[in-house]
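Below: one structure, written as C-alpha cells.
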Amino acid sequence: MSDTATESVLKQQAEDLSAVVGALYQRFGESAFTLQRTAEGLPTLWLQRQSLLDVLRYLRRDYQPRFEMLLDITAIDERVRVHREGQPEADFTVVYHLISFTGNCDVRLKIALHEHDLNVPSAIPVWPSANWYEREVWDMFGISFDGHPNLRRILCPPTWQGHALRKDHPARATEMEPYSLDDDIQDQEQSALKFRPEEWGMKQQSDSSEFMFLNLGPNHPSVHGVFRIALQLDGEIVVDAIPDIGYHHRGAEKMGERQSWHTYIPYTDRVDYLGGVMNNLPYVMALEQMCGIEVPERVQVIRVMLCEFFRIASHLLFYGTFAQDLGQLSPIFYMFVDREKVFNIIESICGGRMHPSWFRIGGVAQDLPNGWDKRIREFVDTFPARLDEYDRMVMDNSIIRQRTRGIGAYDTEEAFDWGITGPGLRATGFEWDYRKDRPYSGYENFDFDVPIAVNGDCYDRCAVRIEEMRQSTRIIRQCLENMPEGPYKSQHAKTSPPIKEHAKQDIESLIAHFLSVSWGPVVPPGEITTGIEATKGINTYYLVSDGGVGSYRTRIRTPSFAHLQAIPYISNGFMVADLIAIVASIDFVMADVDR
C-alpha cells in the first residue's frame, strides 16, 4: 500500500475508533469497558459477559453504521502469556470480531474469563452464524456458551480427550502416547460417529410421513471432500440437513503456535489449498505491519499478479466441477487445460505449482525470472475468448439454468446472518470487495470492477465467479504492463529470510543471518488482524505475539467454515438433486473449513 493510502487508512481507523467507542461509552457507560490498543488500530474493547448480548444487539441493530456481520468468534488461553499490559486479568479470553460493510469498519470485543468459571452467553439470538463458532471455541478451549442448542465437538472426534488449543495440550504426536486402534476402540469410535436424530431435535416421523435419514458423504464425489451431511428426507424432499465437518482437521492453528514465524508460511498454503500463495498474503502482511516493514512496490505488484493467477485457477476448478455436478461432463476437461496453463506460469515463476509457499516476510522468495512476461502475455490475450466459449457451453445451457435459477437463494440480510462473504455475498447484489473497499498490496492502483448479481441463487453465485476471472485477467494485464523496477525484498532487519549478501560483510553479520534463518524475526508483543479477499471470501489471520520468534495465538478465519453451516437454511424444502447443486455453488474445500 502506498504511503498516502496507508495514511488514509490510519486516519479512517482513528475516526472509527473514536466513533464506535464514543457511542458505546454513551450508551452503556465508560466504566463498562476497558479500551485496548492493538497493532492495526482496530477498536478493541473488553466488557463484562452480562452485558455482551446487549452490546451485540446494539451494534447490529441500533448503531449507525450498523455492524451487519459477526465475522468471527475465537478464544485465547492467556495462562502463560507474559505481555498483557493494559488488559484485564484473565485465564481465557473470548474474542468477537464484528464488521460493518456500510461503514467499512470493524470492532473487536473481548470477555475475560477465569478457569473456574468458563461460561459466556450464546450470541446465536443475534447472529445464527455464531452456532459453529461457539462449538469450535468449546471444542478447542472448553468454554461453554449458555443457551447454545447443541454444544458439542465440531472439529475433533466426539471421543477426543481434552481441548486442543489450550496451552497444556500437547502440540506434537511425540508428546503423546503412541497411537493404537484395536477392535474395541474402533467400535467405540464408529459408535460415536453414528447419527442419532433425537440429539438434533429431529423426529422420526410426522403426522403424515415417516422420514428417512440418509448420510450424504463423508466419501462422495458431490460433497467435494471428506464432508458429511445427515439428511432428513420426506421422499426426495429435504426436510432438514445436519452438516458434519472435522474429518480433515489437521490442527493448523496449533501448528501456527509451535512453528517460528517464518517456518509457518508453507503451512498457510494448505488451508485453502486451491488459493496457493494467496494464503501466504494475510499472514505475511500481518507480520510486516507488526514489525514496521515497508514492502517495495515491485513486491506488491508481483504479489497481486500471483494472487490473481491463483484466483483464476481456483475459479476454473469451481466452474468445471459445478457443471460436472449438474451432469455436464465435458466442460471440466476444457477448463483444466486453462488451469494447467496457469500452473505452468506459476511454476515458471515460483518453482512450485499448487503450493509454492513463495511469499516471504518483507518480500518474495526470488525475483521474476528472465522472460517471465512471455507466457503471461499469451495467457491474457487468449483466456477471455475461452471464457466466452465456456459461457455458451455452460451458462447458456437451458438445463443448467433450470437446475440452478431460484435454487438455494438468499438475500443480502440473510447472507449477513450466516457470515457469507466473497462471491456468495456479491451474488445478492451487495457490492463489497476487500480489494476495492480496503485495498491492500497496492490494489488501489489497479483498474477493475467488482462483479455482482441480483438473485443470490446457484446460477448467480457461478456467474459472479466467472466475471471475477475476467477482472483478474484485467489486473494481471496491468501487472504485466506496469511492473516496477526495484528489489524483490525489503531491506528491513526483520525481513525473513534476510538478504544473503549482508552475511558476507563480517562474522557478526554471518551470525545474525544464521540466527534469523534458523529462528526468523522476533516480533514485538501485540496483536493484529489482517484480512484479504481470498478466492472464497474474507480470509483473516488474527495473530498474537508475546515478543518471541513464534506466535502465541494463531487464528485463521476462513470463509468456507461460515458458508457450510448455512446449508440447512438454504436447502430445506428442496429436492436431493437441488442440494447437490447448492453444495456445488458454495465453492469450498474442506481444508479451508477444518483447518
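The values are calculated or read from the model by the stated rules, or taken from the named source; none is laboratory data. As the structure is a computational prediction, the values presented were derived from the model and not from experiment. Cβ: placed from backbone, ideal geometry, glycine included. Neighbour counts: every protein chain shown.
Quick notes
- Segment 423-459, residues that are over 26 Å from GLU288 (Cα atoms) and touching a residue at least 40 places away in the same chain (Cβ under 8 Å): PRO423, GLY424, LEU425, PHE430, ASN455, GLY456, ASP457, CYS458, TYR459
- Scanning segment 172-190 for residues that are of a type in the set (S, T, N, Q), part of a helix (DSSP H, G or I) and under 17 Å from PRO157 (Cα atoms) yields GLN186, GLN188, GLN190.
Yes or no, residue by residue, for (1) of a type in the set (A, V, I, L, M, F, W, C); (2) farther than 26 Å from ALA581 by Cα; (3) in contact (Cβ under 8 Å) with a residue 60 or more places away in the chain:
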site: PHE213; (1), (2), (3): yes, no, no
site: GLY217; (1), (2), (3): no, no, no
site: THR263; (1), (2), (3): no, yes, yes
site: LEU281; (1), (2), (3): yes, yes, yes
site: GLU294; (1), (2), (3): no, yes, yes
site: GLU297; (1), (2), (3): no, yes, yes
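- PRO282 being in contact with a Phe, Trp or Tyr (Cβ under 8 Å, 6 or more places away or on another chain) and within 26 Å of GLY548 (Cβ to Cβ): yes
- Tally, over segment 63-85, of residues that are farther than 21 Å from THR554 by Cα, part of a loop (DSSP other than H, G, I, E, B) and in contact (Cβ under 8 Å) with a residue 40 or more places away in the chain: 4
- Annotation note: of SER222, SER314, the sole residue that is crowded, with 24+ Cβ neighbours inside 10 Å and farther than 21 Å from PRO524 by Cα is SER314.
- Taking segment 487-546 as the range and being among the aliphatic types (A, V, I, L, M), crowded, with 24+ Cβ neighbours inside 10 Å and out of contact with any Phe, Trp or Tyr (no Cβ under 7 Å at 6 or more places or on another chain) as the test, the residues that pass are ALA534, LEU543.
- Filter pass, VAL464 being at pLDDT 95 or above and not in a loop (DSSP other than H, G, I, E, B): yes
- Single match in PRO498, PRO525, PRO521 (criterion: touching a strand residue (DSSP E or B) at 6+ places or on another chain (Cβ under 9 Å) and without any contact (Cβ under 8 Å) to a residue 24 or more places away in the chain): PRO498
- Qualifying residue in segment 548-562 (condition: within 18 Å of GLY456 (Cβ to Cβ), among the β-branched types (Val, Ile, Thr) and surrounded by 24 or more Cβ atoms within 10 Å (Cβ to Cβ)): no
Each row is one residue, and each column tells you yes or no for (1) in contact with a helix residue (DSSP H, G or I) (Cβ under 7 Å, 6 or more places away or on another chain); (2) under 24 Å from ASP139 (Cα atoms); (3) not β-branched (Val, Ile, Thr).
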| site | (1), (2), (3) |
| --- | --- |
| HIS248 | yes, yes, yes |
| GLU257 | no, yes, yes |
| TRP261 | yes, no, yes |
| THR268 | yes, yes, no |
| ASP272 | yes, yes, yes |
| VAL277 | yes, no, no |
| PRO282 | no, no, yes |
| ALA286 | no, no, yes |
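- Given (1) over 30 Å from ARG153 (Cα atoms); (2) modelled with pLDDT under 90, number of the condition GLN300 does not satisfy: (2)
- The residues on offer are GLY352, GLY327, GLY320, and the sole one that is small (Gly, Ala, Ser), assigned to a helix (DSSP H, G or I) and in the same structural domain as ARG470 (by TED's automatic domain parsing) is GLY320.
- Residue pairs whose Cβ atoms lie under 6 Å apart, sitting 6 or more positions apart in sequence or on different chains, and linking a residue in segment 387-410 that is closer than 20 Å to TYR334 by Cβ to a partner that is hydroxyl-bearing (Ser, Thr, Tyr), are THR404/TYR459.
- Every condition in (1) assigned by TED's automatic domain parsing to the domain that holds PHE416; (2) in contact with a Lys or Arg (Cβ under 8 Å, 6 or more places away or on another chain) is met by ASP587 except one, and the failing one is (1).
- As a summary of the residue check, GLY235 satisfies the conditions (1) free of Cβ contacts under 8 Å to residues at least 60 places away in the same chain; (2) within 22 Å of the chain's Cα centre (by Cα); (3) at positive phi except for the one numbered (2).
- Across segment 392-418, the qualifying residues are those that are of a type in the set (S, T, N, Q) and farther than 30 Å from ALA130 by Cα, and the one among them that is surrounded by the most Cβ atoms within 10 Å (Cβ to Cβ) is ASN397.
- Restricting attention to segment 486-504, the residues that are within 16 Å of GLU294 (Cα to Cα) and either charged (D, E, K, R) or not in a loop (DSSP other than H, G, I, E, B) (or both) total 3.
- Of all residues in segment 295-313, exactly one satisfies the criterion of being in contact with a Gly (Cβ under 6 Å, 6 or more places away or on another chain) and closer than 13 Å to GLY276 by Cβ, namely PHE310.
Let's see how each residue does on (1) small (Gly, Ala, Ser); (2) buried (at least 19 other Cβ atoms within 10 Å of the Cβ); (3) in contact with a Gly (Cβ under 7 Å, 6 or more places away or on another chain); (4) part of a helix (DSSP H, G or I):
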{"site": "ASP338", "(1), (2), (3), (4)": "no, yes, no, yes"}
{"site": "PRO356", "(1), (2), (3), (4)": "no, yes, yes, no"}
{"site": "ASP367", "(1), (2), (3), (4)": "no, no, no, no"}
{"site": "ASN370", "(1), (2), (3), (4)": "no, no, no, no"}
